[in-house]
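Data first, discussion second: the structure below is written as structure tokens.
Any read-out appearing in this document is the output of simple, stated calculations on the displayed coordinates, not a laboratory observation. This structure is a prediction, so every number in the text was calculated from the model and none was measured. All Cβ positions, glycine included, derive from the backbone under ideal geometry; neighbour counts span all protein chains shown.
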Amino acid sequence: MKAKAKEPHSEDPVQKSAEFEEASDASPIGLVQKVAGSRVTGALTTDGVEKVRLGTILRTPCGASSVYGIVSNMAARDLNSAEPQAGGFFDMDLIGESVLDASGSVSFQRGVSMHPKLNGSVFKASAEDLALIYAKPNVPSVSIGTLHFESRLPAYLITDDLLGKHCAIVGTTGSGKSSGLAVIVRSLIEHYPHAHVVILDPHDEYAAAFSDTCELITAEDLDLPYWLLNFEEMKDLMCSQDPVSRETEASILREAVEAAKREYLEGRRIGYPVKVDTPVPYWLSRVLRSIREAMGRLDRPGEALPYLRLKSRLEALQNDRRYAFMFSNVLVKDTMAEILSRFIRLPEEGKPISVLSMAGMPSEIVNLVVSVLGRLIFDFSVWRDQARELPILLVCEEAHRYIPRNPYTAYQPVKNIISRIAKEGRKYGFSLALISQRPSELDETVLSQCGTLLAMRLSNERDQELLARALPDNSPGLLASLPVLRTREAVVAGEGVSMPMRFKFKELLTANRPKGKTVSFAENWGEEFPVRDHVPETVDRWRRQVK
């Protein structure tokens, strides 16, 4: 049989088909056997089996152009045979074709106008093919790494499509999400030094990565006064959790807050229309006075219980050190413009990034802070002069904490605002970047609003299934590689790239890497702990609520 394969009239279909194809430097690795919609099934030669892997890009000539696809499945000729089999089969998902314009230039475009023919030869894409497919876009873009199959070729993200239509980075712990985000943000600000980026940092990782370009805001110098809360946030913070008691107390609180806001504005002769959500200062002492006065007008002592609960809660918040950033200022001043300017970096003054470090904050306070800050920036984007465009990027690390899939575990105010930003933010130039190690725990509706998905190593089947549904492109071949991606490797698909691709992020300089690290048990357990009074000191900080 092998001798016959070399004869002019051989029955080897790959060899026979190759005689009628255009001349090529590379020999064919297979033959088209079946065409069904966007999927092509083919037979591999013995040589082709050695060259093709999952995710490999293949080319098949089709008239005056070539059609390209990504290998998504491979199989031996006879899976039941105990003997090694020559050749095999593959499936590839079509991604696009080469196009020859009137000037004779060749370019790549997504989608195919003509399907491959049966018995047509299939070739492994060359370096020139990959350069054509993954050429630098002719629109603003940034380089973030190199292609997996051709390390000489850079991987690009399209700036406006990446940010204008939201994005998400997902991957297991240790896969390199934080470093990947640092590469993307640093590449963006190198190209666009007047950017406006807000990073919500729950683990104190990013101050080190952007020390030269960021305004660091910590729990010690955070300033978000209570009068910036909207009524939904007030209810959650100040009222009882029991639904019946909550509504009664909320009605009392609404009336007291509106009266306090009117009094503040009247004293300054400012004619804003006052509602409970109008973001203007007011005195908390005036709210407490209103509650006491309303209590004094009651006919029966038993009716005073909701007033007493609300008054007690407000006084407790004033004395709670954890909420010092909200209730500590005795003097009430209208600092809303200064607070917003600091967070959105306007003017940026050489530091286009603000990093809010929330390490050590209790989860209920983190949720409140994220809710208030996200809503303030979103409302600012809505109400600013739309003739003066001011795009803002909000990065949410540990996004599954804010927008969980399970509605019963969600802090509703923060989930509401993040969901609203995902749905409406692009209309106002407000972009969202979600970072999570468990995409299956994210709200699927919000995740579906992300036009670009960067997936790093994922071994959990539920995470992979969710990602398959959320990916904007038909890229099962790339998805199949998720469990075996190396650190700093990722698969990206969607609006922010010309083509789905597997790539490796650039390696950051040591000074530009996020601070997160794993504590070494081997190193620390090898010698006695050096500080004798460490436990009493920790207990003291714990009680003082001071890190």
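Key figures
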{"read-out": "Square roots of five times the Cα gyration tensor eigenvalues for the range 222-273, Å", "value": "24, 14, 7"}
{"read-out": "Peptide ranges 161-172, 327-338, 131-142 listed from the most packed, as the mean C-beta count within 10 angstrom indicates", "value": "161-172, 131-142, 327-338"}
{"read-out": "Cα→Cβ-extended label distance, 7 Å offset, between Arg342 and Ser285, nm", "value": "2.4 nm"}
{"read-out": "Sequence-distant residues sharing a close amide H with Asn230 (under 5 Å, placed H)", "value": "none"}
{"read-out": "Two-site label geometry, Ala86 and Arg544: point separation in nm, points 7 Å out along Cα→Cβ", "value": "8.0 nm"}
{"read-out": "Amide H partners (placed H, <5 Å) of Leu485, local residues excluded", "value": "Leu458"}
{"read-out": "Exposure proxy ranking, count of Cβ atoms within 10 Å, fewest first, for Asp463, Asp78, Asp160, Asp277", "value": "Asp78, Asp160, Asp277, Asp463"}
{"read-out": "Amide proton proximity set for Gly96, modelled H, under 5 Å, gap of 5+", "value": "Tyr68, Gly111"}
{"read-out": "For the range 300-314, Karplus couplings with θ = phi - 60° (6.51, -1.76, 1.60), whole Hz, Gly/Pro x", "value": "10, x, x, 7, 7, 4, x, 5, 5, 4, 5, 4, 4, 5, 5"}
{"read-out": "Stretch gain in nm, segment Asp212-Arg39, where the contour uses 0.36 nm per residue and the Cα spacing is subtracted", "value": "57.4 nm"}
{"read-out": "Stretch gain in nm, segment Leu305-Asn138, where the contour uses 0.36 nm per residue and the Cα spacing is subtracted", "value": "53.4 nm"}
{"read-out": "Per-residue Cβ neighbour rank within 10 angstrom, fewest leading, Thr45, Thr173", "value": "Thr173, Thr45"}
{"read-out": "Which labelled figure in [x] 107, 64, 47; [y] 71, 55, 39; [z] 69, 57, 45 is Cα extents along the principal axes in Å, once derived from the coordinates", "value": "[x]"}
{"read-out": "Local electrostatic count, Glu190, Cβ distance below 15 Å [Lys/Arg +1, Asp/Glu -1]", "value": "+1"}
{"read-out": "Computed FRET value (nearest 0.05) for Arg53 with Ser520, which takes r as the C-beta separation and R₀ as 35 Å", "value": "0.45"}
{"read-out": "Sorted peptide list for 442-450, 413-421, 489-497, 300-308, criterion being average Cβ within 10 angstrom, highest first", "value": "489-497, 413-421, 442-450, 300-308"}
{"read-out": "Which of Ser107, Ser498 has the fewest Cβ neighbours within 10 Å, and the rest in rising order", "value": "Ser107, Ser498"}
{"read-out": "3J(HN,Hα) from dihedral phi, the range 252-268, Karplus parametrisation 6.51/-1.76/1.60, rounded to Hz, x for glycine, proline", "value": "5, 5, 4, 5, 5, 5, 4, 5, 5, 5, 5, 5, 4, 6, 5, x, 10"}
{"read-out": "Using θ = phi - 60° and Karplus 6.51 cos²θ - 1.76 cosθ + 1.60, couplings along the range 162-172 (whole Hz; Gly, Pro as x)", "value": "5, 8, x, 10, 6, 8, 9, 10, 10, x, 5"}
{"read-out": "Computed label-point distance, nm, for sites Thr46 and Ser363 using a 7 Å Cα→Cβ extension", "value": "6.0 nm"}
{"read-out": "The chain, helix-only ellipticity at 222 nm - DSSP H runs n ≥ 4, -39,500 (n - 2.57), divided by all residues, nearest 500", "value": "-10000 deg cm²/dmol"}
{"read-out": "Centroid-to-centroid separation of the range 166-207 and the range 266-290 [C-alpha atoms, Å]", "value": "39 Å"}
